[in-house]
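S.K.: Quick one: structure below, then a few questions.
What follows draws every value from the coordinates through simple rules; no lab data is involved. Because the structure is a prediction, the values reported are computed rather than measured. All Cβ positions, even for glycine, are placed from backbone atoms using ideal geometry, and neighbour counts span all protein chains on display.
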Amino acid sequence: MHIFDIFLLEAIVNGILLGGVLALLALGLNLIFGVINVVWICYAELIMIGMYAVYYLHNVYHWPLALAFACCVLLVAVLGALLHVLVIRPVLSAEPINQLLVTGGVLFFLQALATLAFGIEFKNVGIRLPAFQLGGMYVSVARLLAFAAALAGMVGVYLFLRRTYLGTAIRAIAQDRGIMPLMGVNPNRIFVLTSALGGALAGLASCLLVLQYDIHPAIGLTFGPITFMVCVLGGLGNMVGGFIAAFIFAQFISVGGYFLALEWGYVLAFLFFIGVMFWRPRGILGGK
Amino acid sequence: MTSARWLGLAVLALAPLAGMGDYPLHLLILCLLWGFVYTGWAIMGRLGMVSLGHGAFLGIGAYVVVMGWNHFHLSPWLGLPLALAAAALVAVLIGYPCFRFKIVGHYFALVTFALAEVVRLIIVALRDTTGGSLGVTPQTALAKSAWSLGAMQCSSKLVWFYIILAVWLFGLWVWNRVDRSMARLALEAIAHEEDAAASVGMNVTRLKLSVTLISALLTCLGGVLYAQYQLYVNPETVSGIGISLQIVYGAIAGGMFVRLGPTVGAAFTLLLAEALRLWLGHDIHGLDTTIYGLMLVLFIIFMPKGILGAGLEAYAKRRRVPRTAPA
């Protein structure tokens, strides 16, 4: 088989671009887990709500796209903060599995709410970005944009965590939750802020994904499971690990889908995940 | 069993003979069938092994028998042991490494999550054989008669009711046996502090694996019966994370630490959906699941022991009030 088959190369390139988006998704989830120690199983549903927000603001109320995007990021940030205050905070002292399950309940709830409010027909923002040719390969501009935004988002979060006071407080709480009140920091406020930041990252992700996919209430189920698996693969809470794992996962999906049918790409990726779990139960770079 | 329980059972067993309509009887059958499946999950769930992937075993049960019948004319009576063997194999393949390498809590839940999706994706990917997302119907053997023993098909709901009732009681019996076994005490200790338990000499892997196997086999049986009763299966309703989460929540809503809890959860879910459907009609898609989702969140925050669990606790507290006043 011709190794430099152009379609294989295209699959690899698309895999890299997909990896960028998955890395962004994983970043938000890792941030929340690293700081608050809770997995938001409903993370993909937050993204779904963000996507609907962009659709309604841009296509129904005819706001300019940039404004719709900005609003979406703000909206999902607020949603993230609300999620923490209303749902997570009451169970922070309960068993970890209860925290996992309560976010699962929110998953159900948001999906059903979206069905109720928006109906089950597929909606699309209708923006067709071109695909440009690169030596026989077709690369979608939408995907490239998503990749670039994901990288920018990651750099932004990294700088925020390293260079700002608030970011340092967040990192400190992630290291030692108990001692923070003694240092004069209100952990509650940090948690709400982190949740808002995680929500904002989800909002950014929805802006990027809305350019590529149709919107419907169950769309969370298509990339939700993948996002957790990417996070767990890289080590829950470890952002560099999530980054690496995102690209590995995306390659499995993309190249696996190239050689076999689309579903087999996912099957391979998931089996790879299960395999790595047996080899390193805490994830590739985990160790908490 | 106490006389109250015998009475309750008698009422349940004789109710359909008193002339329930076909549809209420269908609901009752579903209550018991899903109650059985949820109970099977709870056997594992209450002992610290929360699996978000029981859809995998359900799907294996349903699809192995239907594929065997449709493609190989294999009677479901032979397909059943085959399905059980497949489910057992998967349970051991996933369970053994998980328990050996101490994958617990979040990580275990997510591995089982991945497993449910793998099964669903494989079913969909093999669409030429399985019909993919459109689902598949076992070839009917009921064209000439109302029942066919070889095909495990029967058009009489009454007969199915007694079959499912017997299976449900069997599930409760298994739950009881596990509850009273040393394994249950051991696993509760393991759930609290695995290393200490292992240091006392408990074979953690074997204990966890045995309970996982029981749970997987019961769920698989539920899948087989579901396929033969409904005579239609598709990957979304019997495998994947949707149904897996539904199992978890049904058991938790009813109370997974109590024997009848999961059945109460199943009844609750079904009746809520029906009540809302009757009240609001078919037009408002998704209102029942919205309310259900909301209640789930509220349950886990305020009533982690579930409806029946909380109810029994409240009842027990009232009975413990001292009757004699201090002298």
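S.K.: As a test of the definition: which semi-axes, in Å, follow for segment A:28-87 when you take the square root of five times each eigenvalue of its alpha carbon gyration tensor? Largest first, please.
M.R.: On the way: eigenvalues 132, 19, 18 Å².
Three semi-axes, in Å: 26, 10, 10.
S.K.: Rounded to the nearest 20 Debye, what is the dipole magnitude of the protein assembly as shown about its Cα centre when Lys and Arg each give +1 and Asp and Glu each give -1 at the C-beta?
M.R.: Working: 33 positive and 21 negative charges, 324 e Å.
The calculated dipole for the protein assembly as shown is roughly 1560 debye.
S.K.: Treating the angle as unsigned and between 0 and 90°, give the value, to the nearest 10°, between the Cα long axis of helix A:262-279 and the longest Cα principal axis of chain A.
M.R.: Helix A:262-279 sits roughly 40 degrees off the main axis of chain A.
S.K.: Further question: Counting only other chains, and only Cβ atoms inside 10 Å, what mean value do you get across the residues of B:237-243?
M.R.: Details: counts 0, 0, 0, 2, 6, 4, 0.
Mean inter-chain Cβ contacts per residue within 10 Å come to 2.
S.K.: A further question follows. Given A:N14, A:H216, A:T164, which one lies farthest toward the positive end of the charge dipole of chain A, if we put +1 on the Cβ of every Lys and Arg and -1 on the Cβ of every Asp and Glu?
M.R.: A:T164
S.K.: Quickly work out the A:D176-to-B:S145 label distance, labels modelled 7 Å from Cα along the C-beta direction, and quote it in nm with one decimal.
M.R.: Taking the two extended label points, one gets 7.8 nm.
S.K.: Continuing with this model, one more query. Give me the inter-chain shielding for A:224-236: mean count of other chain Cβ atoms within 10 Å, whole number please. Walk me through the intermediate numbers first.
M.R.: Details: counts 2, 8, 2, 0, 5, 5, 0, 1, 7, 1, 0, 0, 3.
Taking the mean over all residues of the peptide, I get 3.
S.K.: Quick check: convex hull over the Cα atoms of segment B:58-140, volume per residue in Å³, rounded to an integer?
M.R.: Numbers: hull volume 7.4 nm³, N = 83.
Roughly 89 Å³ of hull volume per residue.
S.K.: May I pose another question? Give the average, rounded to an integer, of partner chain Cβ atoms located within 10 angstrom of each Cβ in A:259-266.
M.R.: Values: counts 0, 1, 4, 3, 9, 4, 2, 7.
Going residue by residue through A:259-266 and averaging, the value is 4.
S.K.: Among B:M67, B:L82, B:A253, whose Cα projects farthest towards the positive end of the dipole of chain B, with charges put on the beta-carbon of Lys, Arg (+1) and Asp, Glu (-1)?
M.R.: Farthest towards the positive pole: B:A253.
S.K.: Once you compute Rg and the Kirkwood Rh from C-alpha atoms, what is the Rg to Rh ratio for segment B:109-200? Mind showing how you got there, number by number?
M.R.: Values: Rg = 21.2 Å, Rh = 18.0 Å.
For segment B:109-200, the value is 1.18.
S.K.: Can you sort B:K305, B:K144 by how many other beta carbons sit within 10 Å, fewest first? Intermediate results must be reported in sequence, preceding the final value.
M.R.: Details: B:K305 18, B:K144 7.
With the fewest neighbours first, B:K305, B:K144 line up as B:K144, B:K305.
S.K.: Can you give me the pair-distance distribution of segment A:179-288, C-alpha pairs, 10 Å bins, whole percents?
M.R.: All Cα pairs considered, the percentages come to 13, 33, 34, 15, 5, 1.
S.K.: Convex hull volume of the Cα atoms in segment A:26-166, per residue, in Å³? Walk me through the numbers on the way to the answer.
M.R.: Values: hull volume 22.0 nm³, N = 141.
Dividing the Cα hull volume of segment A:26-166 by its residues yields 156 Å³.
S.K.: Sequence neighbours fewer than 8 away in the same chain don't count; with that in mind, list the lysines whose C-alpha is under 28 Å from B:K102.
M.R.: Leaving aside lysines fewer than 8 places away in the same chain, those within reach of B:K102 are A:K288, B:K208, B:K305.
S.K.: Further question on the same structure: Report the Cα-based extents of chain A along its three principal axes, largest first, to the nearest Å.
M.R.: Principal-axis extents of chain A (Cα, largest first): 62, 50, 36 Å.
S.K.: Taking 7 Å along the Cα-to-C-beta vector as the label spot, tell me the B:L280-A:D5 distance in nanometres, rounded to one decimal.
M.R.: 5.0 nm
S.K.: Below 8 Å between Cα atoms, with a sequence gap of 6+, how large is the relative contact order for chain B in percent?
M.R.: Here the relative contact order equals 30 percent.
S.K.: Convex hull over the Cα atoms of segment B:1-157, averaged projected area in nm²?
M.R.: Values: hull surface 49.7 nm².
Convex hull of Cα atoms, orientation-averaged projection: 12.4 nm².
S.K.: I'd like the FRET efficiency for A:S93 and B:T137, computed as 1/(1 + (r/R0)^6) with the beta carbon distance as r and R0 of 45 Å, rounded to 0.05. Before the final figure, lay out each step's value.
M.R.: Details: r = 49 Å, r/R0 = 1.10.
Calculated value: 0.35.
S.K.: With no solvent and one point on each alpha carbon, what is the Debye value of log10 I(q)/I(0) for the protein assembly as shown at q = 0.06, 0.09, 0.10 Å⁻¹?
M.R.: -0.34, -0.76, -0.94
S.K.: Then there's this: Take peptides A:243-249, A:162-168, B:65-71, B:246-252 and line them up by average Cβ neighbours within 10 Å, highest first, as a rough protection proxy.
M.R.: On the way: A:243-249: 23.1, A:162-168: 11.9, B:65-71: 20.9, B:246-252: 28.1.
The peptides rank, most packed first, as B:246-252, A:243-249, B:65-71, A:162-168.
S.K.: While we're on this one: With springs connecting C-alpha atoms under 10 Å apart, model chain A as a Gaussian network and identify which of A:I274, A:I47, A:I253 has the largest mean-square fluctuation.
M.R.: So, out of A:I274, A:I47, A:I253, the one fluctuating most is A:I274.
S.K.: I've got another one for you. At 0.36 nm per residue, minus the direct Cα-Cα distance, what do A:R128 and A:A66 gain on full extension? Give it in nm, one decimal, please.
M.R.: Working: separation 62, 0.36 × 62 = 22.32 nm, distance 1.57 nm.
Gain on extension, A:R128 to A:A66, equals 20.8 nm.
S.K.: Arrange the peptides B:202-212, B:8-18 so that the one whose residues have, on average, the most other Cβ atoms within 10 Å appears first.
M.R.: On the way: B:202-212: 19.2, B:8-18: 12.1.
By packing density, highest mean first, the sequence is B:202-212, B:8-18.
S.K.: Decide, for chain B, between rounded, prolate and oblate: order the square roots of the alpha carbon gyration tensor eigenvalues as a ≥ b ≥ c, take rounded if a/c falls under 1.5, and otherwise choose prolate if a/b is larger than b/c, else oblate. Please report the intermediate quantities before stating the final value.
M.R.: Values: a/c = 1.63, a/b = 1.18, b/c = 1.38.
Oblate is the answer for chain B, as a/c is 1.5 or above yet b/c matches or exceeds a/b.
S.K.: Starting from the 7 Å offset along Cα-to-Cβ, what nm value, one decimal, do you get for the label separation of B:A18 and B:F170?
M.R.: A separation of 2.8 nm, rounded to one decimal place.
S.K.: Starting from the alpha-carbon convex hull of segment B:1-76, give the projected area averaged over all orientations, in nm². Don't skip to the end; give the middle numbers.
M.R.: Working: hull surface 32.0 nm².
Average of the hull's projected areas for segment B:1-76 equals 8.0 nm².
S.K.: Ok, one more. Under the classification rounded if a/c is under 1.5, otherwise prolate if a/b is larger than b/c and oblate if not, where does segment B:187-318 fall, given a ≥ b ≥ c as square roots of the Cα gyration tensor eigenvalues? Write down the numbers at each step before the final one.
M.R.: Details: a/c = 2.49, a/b = 1.42, b/c = 1.75.
Judged from the Cα gyration tensor, segment B:187-318 comes out oblate (a/c at least 1.5, b/c at or above a/b).
S.K.: Taking 0.36 nm per intervening residue step and subtracting the Cα-Cα distance, what contour gain separates B:A314 from B:A10 on full extension? It would help to have the intermediate numbers written out before the result.
M.R.: On the way: separation 304, 0.36 × 304 = 109.44 nm, distance 2.67 nm.
Difference between extended and current length: 106.8 nm.
S.K.: Can you tell me the order of A:227-240, A:7-20 when each peptide is scored by its average per-residue count of other Cβ atoms within 10 angstrom, highest first? Walk me through the intermediate numbers first.
M.R.: Values: A:227-240: 25.6, A:7-20: 19.4.
The peptides rank, most packed first, as A:227-240, A:7-20.
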